[in-house]
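The values are calculated or read from the model by the stated rules, or taken from the named source; none is laboratory data. Because the structure is a prediction, the values reported are computed rather than measured. FYI the Cβ positions are ideal-geometry reconstructions off the backbone, even for glycines, and counts take in every protein chain you see. Note: areas computed on protein heavy atoms with side chains; ligands, DNA, RNA excluded. Shrake-Rupley method; radii C 1.70, N 1.55, O 1.52, S 1.80 Å.
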Amino acid sequence: MDYVIVEIQNRIGVSAYELFIRERNNKLEIFKQTGWDRISYKFEIAKDDYDNTNANLICLSQEIKPINGIIKIPDDLNFANENTKDCFACPQQYTTEECLQKKQAGKKFNWKQ
């Protein structure tokens, strides 16, 4: 393996991050990032009818970032909310792996519990 994975978990909250770090041209860089957090997610039940539920926010990024000193978590990560292109909400009844598989397959999540 020509990279290392740094796992970071917030003991107070429920957020967690993984940074995939490698050396390229004698410089360190983050080449992949994943993040998880708990959120309240609003979903549509029917036209103009919504409900809220707890969900997992899963974020993935393949953006390459050079490491030039201190990495500030989560400030240096691009994970803002479920509206960013790299993040999606997933119902808590699914495991992270199930969420990723469904997302990659383009399948819809069942938000009703």
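In this structure, does Glu18 turn out to be within 20 Å of Lys72 (Cα to Cα) and open to solvent by less than 60 Å² (accessible area, probe 1.4 Å)? Answer is yes for this residue.
The set of residues in region 72-92 being among the aromatic types (Phe, Trp, Tyr) and either open to solvent by 60 Å² or more (accessible area, probe 1.4 Å) or modelled with pLDDT of 60 or more (or both) consists of Phe88 alone. Please list, ordered by first then second residue, the pairs with beta carbon atoms under 8 Å, 6 or more apart or interchain, first in region 17-30 and in a strand (DSSP E or B), second small (Gly, Ala, Ser) and crowded, with 16+ Cβ neighbours inside 10 Å. Note: pairs meeting the criteria are Tyr17/Gly35; Glu18/Gly35. Summed over region 47-71, residues that are open to solvent by less than 50 Å² (accessible area, probe 1.4 Å) and part of a strand (DSSP E or B) total 8.
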